[in-house]
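Readers should treat all values here as calculations from the given coordinates under stated rules, not as data from a laboratory. These figures come from a predicted structure and were not determined experimentally. Reconstructed Cβ throughout: ideal geometry from the backbone, glycine too, with neighbour counts over all protein chains shown.
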Amino acid sequence: MKNLSTDEISWSGKGSNTSIIALIVSASATFLLAVAKGLSAIIIPTTLQNNGTSNTLIGLIMSFETIASILISCLLPMLLHLISMKTGFILSTILRIPSLLLLAYSSNPFIWAFAVFLNGVGCFSFLILLQTWIVGLKFKSNRGLMVALNSTALTLGLAMGPLLLKYYGNLVPQITAYIKDLLIEQPFTHEVISHGISTRFYFILIAFISLSALLPIVTGFKLIPSVKFKGSGGIWKSIMHAKGPMFAIAMAGASFFGVSAFITLYGLKNQLTLQDSALLLTCFMMGSLLLEAPMTWVSDYIDRRYIIVIAAFLSMLCAVYLPIAIYVNYQAFVLLFIWGGVIGSIYSTSLALIGEKFRDDDLVAANAGYSLMEAAGGTLSILLIGYTMDAFGSDGLSYVIMLSSIVYFSFALTRYRVV
């Protein structure tokens, strides 16, 4: 993988203080976009279900987001050859806003699929550029912890989305009523789902929050690195050179995207209210928020591979016990909290391993490979979960994620020496 010359890539933030500032800028932008994604993860599937859409079709529509992720991962080296990272941040924002407005004002399921895909392209492009920037920063110590802090911002934002759905109407009822009366005359699917607010209003709110994610980027524009990439980048080579973390992130993507897309519907199918079902996702994200950084920090002092293997085993246990815990709210909330923590630790620990294995000329390709494996695992998971929930009931969610955890855990046992 010699397609990227070290003379052609300039990473801002080689000094410790500058790296910290860049981390703050990236984390702020990540947080704001994640809030928008957290809201849409609730609104899109619940709106489709309220319209009588089958779980299989919901899974197909939701999978367009991860298909967009696969596309962007494959094209990242070429994109960074054609445009700068700064331009990429702006263009990805321009893609997101119209797609969210299409969701707000359209009733056609084919248009919804296209809008979900377009929004996925915009969101994922933005996030993968941020991730490439952060992984390339030079931290004096505790690389795993620093990477985890940026991932924590993503998780915090995703967790805030469901909370915003639950409490927004109580916090600003006058503003809500005014904007609703001003903007919303819905002919289709935009029925009231929370606090008297229609889904159309929430899509407009999501678009506004998504746009605001560009503000931190604008304030830290000078810190964004200049990247010039030549050739294909050797994405497949990077995956084969780091099978352990790459396959781990595929398993984590299966769990993360699968839970994010279907845990709300899973709660509803098991007689939980919409608010309690949304809190299942919040607990999943809060677990990642509070447990991801400590678990990844531990990996700075012991073999990171063992942290990944332990987390994969715990994820398998969580999938096994979900159908039992769901009947008691607090048990389900605790289980989702733990589950989110172990999946989050796989993300950050795998990313830290990749940051150690690859340097300037190979880093962009490796980061694209990392994101490609995440998206591939997520896409396959969403499609399978949608089908199995129709074929075998709501517990199809557990079956698919259990299988992905078992596959990776089995691979790890044959690959990693215990002593």
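Across the range 69-83, in residue order, what do the Karplus-derived ³J(HN,Hα) couplings come to in whole Hz, using 6.51 cos²θ - 1.76 cosθ + 1.60 with θ = phi - 60° and x for Gly and Pro?
Taking θ as phi minus 60°, the curve returns 5, 4, 4, 5, 4, 5, 8, 3, x, 5, 4, 6, 7, 8, 10 Hz for the range 69-83.
What FRET efficiency comes out for the pair residue 243/residue 403, r = Cβ-Cβ distance, R0 = 30 Å, nearest 0.05?
Working from the Cβ atoms, E equals 0.95.
If I model a spin label at residue 329 and residue 414 as a point 7 Å from the Cα along the Cα→Cβ vector, what separation in nanometres do I get?
4.6
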